[in-house]
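Here is the structure we will look at, set down as structure tokens.
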Amino acid sequence: MNAKTDKKLQIGFAITGSFCTFQNILEVLKELVQKDYHIIPIFSDKTSTLDNRFQKADDFVKEVQDITGEHGIFTIPEAEPIGPKGYLDALVIAPCTGNTLAKLCHGITDSPVLMAAKAHLRNEKPLIISISTNDALGMNFKNLGELMNIKNIYFVPFGQDNPVKKTNSMIAHVELIPETIAAALEHKQLQPVIRSPF
């Protein structure tokens, strides 16, 4: 992936497989482009290949590409140069599933998104996480806590989306992604982080 040479801030936008959030993510991408960011999409393997009840994978990928004007990153080898080239000002993972959250916490880099995150963090620039997971208050609670205490990691404010039927589930307020990016670029965590009920 070749970074553009203009003066726009370069924002990586990594998408993992919380398919029910994708329509909201598309709206966020449109807003970020309108704010004059240069957005480089990064797709997890499942995001770019699995059709689901919300949309076909090819249709979703094409829509992201049309919005951003970028082909995007689809493989681990394509994501790895983010580290040595250092061309991202910030990287967003949205949505960030519990699976990705757990692997990120334990240094596992078995997908383009996780490789992008690892490569980006070596440059000590903001990594913004927008969670969408059914086990944020369950098995992933410890991972969430650890990541919240790691330098250069920031969270989009989140809350319980269904505290009665899905007591452990939490999801980010994706409409706050632009504001969270702006704060993170100033090395600040947007507050309050916990905003419940959803």
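All of the numbers you see were taken from the coordinates with simple rules; none came from a lab. A quick note: this is a predicted structure, and the numbers were derived from the prediction, not measured. Positions of Cβ are backbone-derived with ideal geometry, glycine not excepted, and every protein chain shown enters the neighbour counts.
Go through segment 110-122 residue by residue and turn each phi into a ³J(HN,Hα) via Karplus (6.51, -1.76, 1.60, θ = phi - 60°); whole Hz please, and just put x for glycine and proline.
9, 8, x, 5, 5, 5, 4, 5, 4, 5, 5, 4, 5
To the nearest 20 debye, what charge dipole does the chain have about its Cα centre, counting +1 at the Cβ of each Lys and Arg and -1 at the Cβ of each Asp and Glu?
Its charge dipole is roughly 420 debye.
By what distance, in whole Å, do the Cα atoms of segment 121-198 stretch along each of the three principal axes, largest value first?
Taking the Cα atoms of segment 121-198, the three principal extents are 40, 24, 15 Å.
Quick check: Cα centre of segment 123-198 to Cα centre of segment 34-77, how many Å?
22
Starting from 0.36 nm per residue, how many nanometres of slack lie between ASP51 and PHE141 once their C-alpha separation is accounted for?
Stretched out fully, the ASP51 to PHE141 stretch lengthens by 29.5 nm.
Under a point spin-label approximation (7 Å from Cα along Cα-to-Cβ), what is the MET148-ILE108 distance to one decimal in nm?
2.3
Karplus couplings for segment 8-15 from phi (6.51 cos²θ - 1.76 cosθ + 1.60, θ = phi - 60°), rounded to Hz, Gly and Pro as x?
5, 5, 8, 10, x, 10, 9, 10
Can you compute the FRET efficiency between LYS62 and LYS166 using 1/(1 + (r/R0)^6), with r the Cβ-Cβ distance and R0 = 30 Å? Round to the nearest 0.05.
About 0.45, to the nearest 0.05.
Just tell me which lysines come within less than 21 Å, Cα to Cα, of LYS7; anything on the same chain fewer than 8 places away is out.
Filter leaves LYS30, LYS35, LYS85, LYS125.
Rounded to whole Hz and in sequence order, give me ³J(HN,Hα) for segment 44-56 from the Karplus expression 6.51 cos²θ - 1.76 cosθ + 1.60, θ = phi - 60°, writing x for Gly and Pro.
Taking θ as phi minus 60°, the curve returns 5, 4, 5, 4, 8, 10, 9, 6, 8, 6, 9, 5, 7 Hz for segment 44-56.
Of (1) 9, 40, 39, 11, 1; (2) 8, 36, 38, 15, 2, 0; (3) 7, 19, 15, 9, 9, 8, 8, 6, 5, 8, 5, 0, which one was derived for P(r) over Cα pairs in 10 Å bins from 0, in percent from the structure shown?
(1)
For a quick check: with amide H placed at 1.01 Å from N, whose amide H comes under 5 Å from ILE42's, ignoring anything fewer than 5 positions away on the same chain?
Long-range HN contacts for ILE42: PHE13, ALA14, ILE15, ILE73.
Name the residues whose placed amide hydrogens come within less than 5 Å of the amide hydrogen of TYR154, ignoring near sequence neighbours (fewer than 5 apart) on the same chain.
Excluding prolines and chain starts, which carry no amide H, the hits are LEU127, ILE128, ILE129.
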